Amino acid sequence: MEATPSTVPDEPQKVVRSTTAPSDLGSTLGDAIPIVKALLPKVPLIAKTALCHTLGVSEHSKHWDLRTEVTINVLRSFVDGSTKPSPISKTQKLLNKDPGVKGRIWVATADMKRPAEDDVRKALCEAIEQMKEPGAQPGGYTIPKLQDVEAEWTGYRAGATKSSAPPRIPEAEKYKEMMREVSSPVTILYFHGGAYYLMDPSSHRPTTKKLAKITKGRVLSVRYRLAPQNPFPAALLDALVAYLNLLYPGPGSFHDAVEPKNIVFGGDSAGGNLCLVLLQTLLQFRRTGLKLLWNGSEREIPLPAGVSLNSAWCDITLSSPSCDQNGSYDYLPVPSVQLSRTPPPCPAWPTTPPRTHLYAEDALLMHPLVSPIVAPTWVGSPPLFVECGTELLTDENHYLATKASGEGIVVVFEEYTTMPHCFGMLLEHIPGSKRLFQGWTDFISSVVLNPGSVQTKGTRIAAKTLVEEQVDLRSLSSFTEEEVRARMQERVKKMTQGRGDVAKL
């Protein structure tokens, strides 16, 4: 059901994210069977890749090691059009499963409580309308229910071993134990990637643990609602509720109020998109002088200390030239392949009424709170950390860095040559991944502990040798706003071809 901002629909269907206890061997083996079945047909591909790499005749043998090339080729083979796409529900069930907690990590699950009032949801709907293009139709999206948002407090557990199970104590006690090991005020509000319909805080625990360990701080990883069951702006509303809970915790919260100067947004891929659209929402609140009623008190909506992005998905339409040109370096499918792969019907997809994109209604694909690449301005933003590889999303990250820095925003940009999307989380063994996390956490710690030290800087890094060269952010992207919008409009036309209900873009 679609609604105008004055209509409240029934609560959308939630994605069930199952949990596996690490001590349940039978369950663990059962979970592994689908993975083994999926990999068995890839044995010839793995053998061919190994042979070509060893002989030095593969395209990437000069700049990738064997493990990297095998990993990327296998990942690519699942989505390159050579295999039949799986139903959305089946893919979610496989990839959104909680593997359990073990090792040197604290995880305390907590609910970020919804406020007593509806001001936050109303304010978000108003911001969506205010940021539309002049002449655009009002509404056109499903208004999500305002609800509690589950999240995971994550910290580094130094005294544990790699196989340590979590103590069997209440979640609040786990949080207290975690805080005994936190020695920095750094608080990272983290949003996981997964194209807005896959993954979970549990899948990103290795990343959030590493961020917590290096910064000596803590991470709040948000279990936001997933599409297609919960389309835009459900995830954004959940992100906003989580941030306001950090600032203004309600009764029963594990944490005390966190000063905004100690909060840094962090996210990868779609989670990077969520960081940016949450930031744009906050900037819009400030442009209009908005204050929110939150649990009986009128509250300011301050900005965080910084925003840190790992291969951020800035353009939902995937219209930039690099989306086609960098396909040989990435495991993500190029747009032409994505358009040709239609998942078979399942309970989650297609939706009723139908739409083209899993995440957002067709008429909103070029909205700044869906595709932040078209945000008219970043003026007023805190410092940004922007990282990418030689991937499909390279051009949009270049454009973001150039536009924001050109408006006087402090931008720390890092590009890792020949590296695929979110490589630091997949290829932990390579030197470039260690360098990435060092740059990422240096930024996070600096904007909190020594904000005056953070200056605009662009660096291009060879992920294999770590040789660095400086990059002038002013010339990183030559695209104009008009070119960006024109490409997006053309892409949307291709995506929605045959449908006559697309509103003015």
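The values are calculated or read from the model by the stated rules, or taken from the named source; none is laboratory data. Here the structure is a predicted model, which means the values were calculated and not measured. Virtual Cβ from ideal backbone geometry, glycine too; neighbours counted across all protein chains shown.
Values computed for the structure shown
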{"quantity": "Positions within the stretch 99-137 being at pLDDT below 95 and acidic (D, E), in sequence order", "calculated": "E133"}
{"quantity": "Criterion: farther than 24 Å from T208 by Cα, among the acidic types (D, E) and buried (at least 22 other Cβ atoms within 10 Å of the Cβ) - qualifying residue of E415, E396, E483", "calculated": "E396"}
{"quantity": "The stretch 153-180, residues that are over 15 Å from L220 (Cα atoms) and charged (D, E, K, R)", "calculated": "R157, K162, R168, E173, E177, R180"}
{"quantity": "Which listed residue is in contact with a Cys (Cβ under 8 Å, 6 or more places away or on another chain) and of a type in the set (G, A, S), from S328, S336, S381, S371", "calculated": "S371"}
{"quantity": "Single unsatisfied condition, I409 versus (1) in a loop (DSSP other than H, G, I, E, B); (2) buried (at least 24 other Cβ atoms within 10 Å of the Cβ)", "calculated": "(2)"}
{"quantity": "So E469, is it of a type in the set (D, E) and either farther than 18 Å from P372 by Cα or surrounded by fewer than 17 Cβ atoms within 10 Å (Cβ to Cβ) (or both)", "calculated": "yes"}
{"quantity": "Given (1) of a type in the set (D, E, K, R); (2) touching a residue at least 60 places away in the same chain (Cβ under 8 Å); (3) under 23 Å from T480 (Cβ atoms); (4) crowded, with 23+ Cβ neighbours inside 10 Å, number of the condition R355 does not satisfy", "calculated": "(3)"}
{"quantity": "Qualifying residues in the stretch 444-465 (those that are in contact with an Asp or Glu (Cβ under 9 Å, 6 or more places away or on another chain) and crowded, with 17+ Cβ neighbours inside 10 Å) - the one modelled with the lowest pLDDT", "calculated": "K464"}
{"quantity": "The stretch 244-270, residues that are within 30 Å of P420 (Cα to Cα) and either assigned to a helix (DSSP H, G or I) or of a type in the set (S, T, Y) (or both)", "calculated": "S269, A270"}
{"quantity": "Selected residue [within 20 Å of the chain's Cα centre (by Cα) and without any contact (Cβ under 8 Å) to a residue 60 or more places away in the chain] from P201, P228", "calculated": "P201"}
{"quantity": "Residues of the stretch 271-303 satisfying the condition of being in a strand (DSSP E or B) and either in contact with a Gly (Cβ under 6 Å, 6 or more places away or on another chain) or in contact (Cβ under 8 Å) with a residue 60 or more places away in the chain (or both)", "calculated": "L292, L293, W294"}
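Conditions (1) of a type in the set (D, E); (2) within 30 Å of S89 (Cα to Cα); (3) free of Cβ contacts under 8 Å to residues at least 24 places away in the same chain; (4) surrounded by fewer than 17 Cβ atoms within 10 Å (Cβ to Cβ), marked per residue:
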residue: E133; (1), (2), (3), (4): yes, no, no, yes
residue: A158; (1), (2), (3), (4): no, no, no, yes
residue: P170; (1), (2), (3), (4): no, no, yes, yes
residue: E181; (1), (2), (3), (4): yes, no, no, yes
